[in-house]
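Comments concern the structure below.
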Amino acid sequence: FLVGEPSAARIDDVKVDTSFRKGEITASAALVNLNADGQYTMSARITEKGRIVKKFNSAVFRKGDLKSGCVSFNVKWMPDKLWDIHTPQNVFSLQLSLLEKEGKLLDTTHEVRFGFREFWIDGRDFYLNGSRIFLSAVPLDSAQGGAASATYAAASESLLRLKGFGINMVYTHNY
């Protein structure tokens, strides 16, 4: 939500990047309407089910320090609960605040949900959070058969049936 006036300094967009291999989290924000001579900091707050689990701050920066209108800052952090295909409930929320150097709050974002995870490819192997993962994919075409197949219940039934015989990834397409 916007704390100040529409023409005031504010956060326009938020991105969260996690790295299992580096054991760190990076928060990035697009910022608008910063004063050229102003000094700012960003404050990040990570929560899990409403409970604060991590806080971290950026270094002081100026408008001229932004890269393509964005600021990024990171901290070493490895949560106890990682997101993976067997624990999709392991999610956190990140909220960013933009402050003047003296601490005056200028803007605060809505919470952004994320799972701490990292997926990478090494040669012909896929890895998720340090473990080799085998992906087996098929097209999911059930919704093309009619509106009755496009309901949540029908989609859930299709995905559970596919999961039952080892499919852990689907893709959709349109002709």
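The values are calculated or read from the model by the stated rules, or taken from the named source; none is laboratory data. The model shown is predicted, which means the values in this text are computed figures rather than measured ones. Every residue, glycine among them, receives a Cβ derived from its backbone with ideal geometry; neighbour counts consider all protein chains shown. To get the accessible areas, we keep the full protein, side chains included, count just its heavy atoms, and leave off ligands, DNA and RNA. Shrake-Rupley method; radii C 1.70, N 1.55, O 1.52, S 1.80 Å.
Would you kindly work out the equivalent ellipsoid of the range 79-139 from its C-alpha gyration tensor and give its semi-axes, the square roots of five times the eigenvalues, largest first in whole Å? Present the calculation step by step, with values, prior to reporting the outcome.
On the way: eigenvalues 249, 34, 25 Å².
Equivalent-ellipsoid dimensions as semi-axes: 35, 13, 11 Å.
If you average the C-alpha positions of the range 111-175 and of the range 32-71 separately, how far apart do those two centres end up, in angstrom?
34
Under the Karplus relation 6.51 cos²θ - 1.76 cosθ + 1.60, θ = phi - 60°, what is the ordered set of whole-Hz ³J(HN,Hα) values for the range 55-66, x standing for Gly and Pro?
10, 7, 10, 7, 6, 5, 9, 10, 4, x, 7, 5
Per DSSP H run of n ≥ 4, the term is -39500 (n - 2.57); total these for the chain, divide by its residue number, and report the mean residue ellipticity at 222 nm rounded to 500 deg cm²/dmol.
-2500 deg cm²/dmol
Taking the range 23-98, how much of its Cα-Cα pair set, in percent, is spaced more than 17 angstrom apart?
51
Please list, ordered by chain and number, the residues whose modelled amide H lies under 5 Å from the amide H of PHE126; skip anything fewer than 5 residues away on the same chain.
ILE133
Please give the length that would be gained between ASP13 and TRP120 if that part of the chain were fully extended, namely 0.36 nm times their separation in residues minus their C-alpha to C-alpha distance (nm, one decimal).
Additional length available on full extension: 36.0 nm.
So what is the accessible area of the chain per residue, in Å², with the probe set to 1.4 Å?
64
Rg and Dmax of the range 100-175, using alpha carbons, in Å: what are they?
Over the range 100-175's Cα set, Rg and Dmax evaluate to 19.9, 60 Å.
Only loop residues by DSSP count here, and only those with at most 12 other Cβ atoms within 10 Å; note down the chymotrypsin sites (Phe, Trp or Tyr not before Pro) in the range 83-136 that meet that. Display every interim value, and only then the final one.
Numbers: sites: TRP83, PHE92, PHE114, PHE116, PHE119, TRP120, PHE126, TYR127, PHE134; in loops: TRP83, PHE116, PHE134.
Loop-located and lightly packed - PHE134.
Name the long-range amide H neighbours of PHE20: under 5 Å, sequence gap of 5 or more, or other chain; modelled H, no Pro or chain starts.
Placed amide hydrogens put GLU118 under 5 Å from PHE20.
Using every Cα-Cα pair within the chain, state what percent have a distance larger than 23 Å.
56
Once amide H atoms are built 1.01 Å from N in the peptide plane, which residues 5 or more positions from LEU106, or in another chain, come under 5 Å H to H?
Result for LEU106 returns LEU98, LEU99, GLU100.
Tally up the carbon and sulfur contribution to the accessible surface of the chain as a whole percent, 1.4 Å probe, everything protein left in place.
On the way: 5760 of 11120 Å².
Of the solvent-accessible surface of the chain, carbon and sulfur hold 52 percent.
Please report the antiparallel percentage of the DSSP beta bridges confined to the chain, to the nearest 5.
Working: 45 of 48 bridges.
Antiparallel bridges: around 95 percent, rounded to the nearest 5.
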